[in-house]
Structure formats: C-alpha cells, structure tokens
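One structure below.
Each reported figure results from applying straightforward, stated rules to the coordinates on display, with no laboratory input. Nothing here was measured: the structure is a model prediction, and the numbers come from that model. So basically every Cβ, Gly included, is an ideal-geometry build from the backbone, and we count neighbours across all protein chains shown.
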Amino acid sequence: MPVPARISLATLGVADLERSTEFYRALGWPLSSASVPGEVSFFNTAGGILAVWGVYALAGDAAVDNPGGPPAYRGVALAINVASDEEVDASFAAVEAAGGRITKPPEHSAWGGYSGYFADPDGHLWEIAYNPGWPLDAAGLPELP
C-alpha cells in the first residue's frame, strides 16, 4: 500500500507553549477545543492541522535523542499561499504585529511570484507567497498544474 500523498498535521516543537500559542492566535488562527492547555495547542487551518508542542515532549514522542535547543536553521519551511501581492503584504504586517521576525521581506521573485519569509518565536520558518501559476481553490489551497 502506498503512503497517502497528504499532510494532515504539522507539529512544531516549541520552547514556550504559551508564547507560541499566543503568537498563532495573534495571527488570527482559530485554536481548537481539542487543545490541552499547558500541553499542546491545535490550530485549524484551511489545509491540515498545526500543532505546537513542547520541543522535549515532541522529541520523546518521536524517540529522538538529545533534541537540544532550536537551531537557527532547520532546513524546513512551511508555506502559506495567498491570492495576491497585497495579501502577502497584509499578512506580513499581521506577522510583524504579532511579534514574528521577518527573515526576508516580500519581494518579486525570479519564478514570477511575490514572497517572503518570517520566523515564529521558536525560529520555525514560514513563507507567505503569491504564485500566479498556482490558482487557489475554494478552500484557499493551491492547485498545481
């Protein structure tokens, strides 16, 4: 049986669960009632579910030895696609207001779109992008050619 091609849940290991929960709530993301205060926070998104969980609890669940502190760069970025350059700019304004760190301000790219990157309080990278070659469906998810 092949592995289904979908992302159901992305879990970010965080140093301070309350700080991270408040950051994503400040972005306007709905906190699920399935969250367990002080243990794990779940956010409903138009795609999969985002969870923030203590970095050591996540490492223990994944049987990873010595997770250490969050490195400056993990080699991973999550992305949010929006419908226009203006939505990218408005999203970055909200990120900044919520206390996110802009790592690369939005700019027009060689691939024809407009995007930038920010880091959440634990350094997890997020890209916010408008890609004219990837129209968004009714749920706001990109449709690949």
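The slack between Tyr56 and Arg74, meaning 0.36 nm per residue of separation minus the straight C-alpha distance, is 4.9 nm. Net length available on complete extension from Trp111 to Arg25 is 27.8 nm, with 0.36 nm assigned per residue and the Cα-Cα distance removed. Counting every other Cβ atom within 10 Å of each residue's Cβ, Leu125, Leu144, Leu136 order from fewest to most as Leu144, Leu136, Leu125.
With the convex hull built on the Cα atoms of the chain, state its orientation-averaged projected area in nm².
Details: hull surface 41.2 nm².
Dividing the Cα hull surface by four gives the mean projection, 10.3 nm².
Close amide H pairs (under 5 Å, H built 1.01 Å from N) link Val14 with Trp53, Gly54, Val55, residues at least 5 positions away or on another chain.
Annotation: the residues Ile128, Ile7, sorted from fewest to most other C-beta atoms within 10 Å of their own C-beta, follow the order Ile7, Ile128. Taking the inverse of the mean 1/r over every pair of distinct Cα atoms in segment 97-145 gives a Kirkwood hydrodynamic radius of 12.1 Å. Among Arg19, Arg6, Arg74, sorting on how many other beta-carbon atoms sit within 10 Å of each Cβ, with the fewest leading, yields Arg6, Arg74, Arg19.
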